[in-house]
Amino acid sequence: MKKVSGIGKRRVAAEEESSEIYKTRRGEIATAATRVFNRMGLQRATLKAVADEMGVDRASLYYYVSSKEALFDEVVKTVVKRNLEITKMICASDLSPGRKLRDLICTLMTSYGEHYPVFYIYIRENLSHVDESRSDWSREMRVLNRQTTEAIIAIIEQGYADKSFRNVGSARVVAYGVLGVVGWTHRWFRPGQTEVSAEEVGKIYAEMILAGIESPY
């Protein structure tokens, strides 16, 4: 049976208690880690780099996080949850289906740019083949991914229902297409190096996709 260190036991106890102070500190660490991952990428990043970013001793971080991978997972989950909240808000709004889809594409692309390369590393992650220690995280992320996809499907179906979108086929396939177009930018988009910003990429994608499905009538 795997032994748990003293600091590990205290970390587990703190996570279960989940006090406001503890959650606030975890949030601060996640914010600092995002900056480090953005600069260094997952492979080169270390907990020491995160500690240096915060101006604290590395040992103090182990009370809040066990490894850089666990910290990366926490950062990604925070971003995915925020994106899902925004997606649900857009979906539930009184905007037209076309405006909803436009806003959603722009929002997702902007988020990808803001959290580069963290989110792109996540996109390449095979959630069905992760280390056992990350299995709970993987399951939760798959649930969040499905909820995001279902929200996009709902927007497409709204457009089909009110005839503002041409019914080009399965709403699920269209939703996967939207996510695929945005996600594929990990192959070429580099903030500060690519000639256009993430926001501009989102606008271009929105125009391109909507031009293909919006009804001309």
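The coefficient of translational diffusion for the range 23-172, derived via Stokes-Einstein from the alpha carbon Kirkwood radius under 4 °C and 1.567 mPa s, stands at 76 µm²/s. Thinking of the range 103-217 as a set of Cα atoms, what percent of all their pairs are more than 26 Å apart? So the pairs more than 26 Å apart make up 27 percent of the total in the range 103-217.
Against the chain, whose longest principal axis is taken from its Cα atoms, helix 198-213 shows a tilt of about 40°. If you scale each eigenvalue of the Cα gyration tensor by 5 and take the root, what three semi-axes come out for the range 47-118, rounded to whole angstrom and sorted largest first? Computed over the range 47-118, the values are 35, 12, 8 Å. Per-residue ellipticity at 222 nm, computed for the chain from helices alone with -39500 (n - 2.57) per DSSP H run of at least four residues, works out to -23500 deg cm²/dmol. Each listed q (0.17, 0.18, 0.20, 0.32 Å⁻¹) maps to a log10 I(q)/I(0) for the range 35-76 from the Debye sum over equal C-alpha point scatterers, namely -0.39, -0.43, -0.54, -1.28. GNM on the chain, alpha-carbon springs under 10 angstrom: the most fluctuating residue among G159, G27, G202 is G27. The trypsin sites (Lys or Arg not before Pro) of the range 99-203 that meet both conditions, a loop assignment by DSSP and at most 15 other Cβ atoms within 10 Å of the site Cβ, are R124, K163, R166. Using a cutoff of 8 angstrom between alpha carbon atoms and counting only pairs six or more residues apart, the relative contact order for the chain works out to 23 percent.
With point charges of +1 on the Cβ of Lys and Arg and -1 on the Cβ of Asp and Glu, referenced to the Cα centre of the chain, which listed residue (L42, T78, A198) lies farthest in the positive direction of the dipole? Working it through, the farthest residue towards the positive pole turns out to be L42. Output the pairs from K77/K203; K68/K88; K100/K203; K81/K163; K68/K203; K23/K68 with a Cα-Cα distance over 23 Å in this structure; if there are none, say none. Those over the limit are K77/K203; K68/K88; K81/K163; K68/K203. Subtracting the Cα-Cα distance of V181 and K88 from 0.36 nm times their residue separation leaves 31.5 nm of extension gain.
We did not get these values from a lab; they are worked out from the coordinates using the rules stated. The structure displayed is predicted, hence computed values, not measured ones. As a convention, Cβ positions derive from the backbone with ideal geometry for all residues, glycine included, and neighbour counts pool all protein chains shown.
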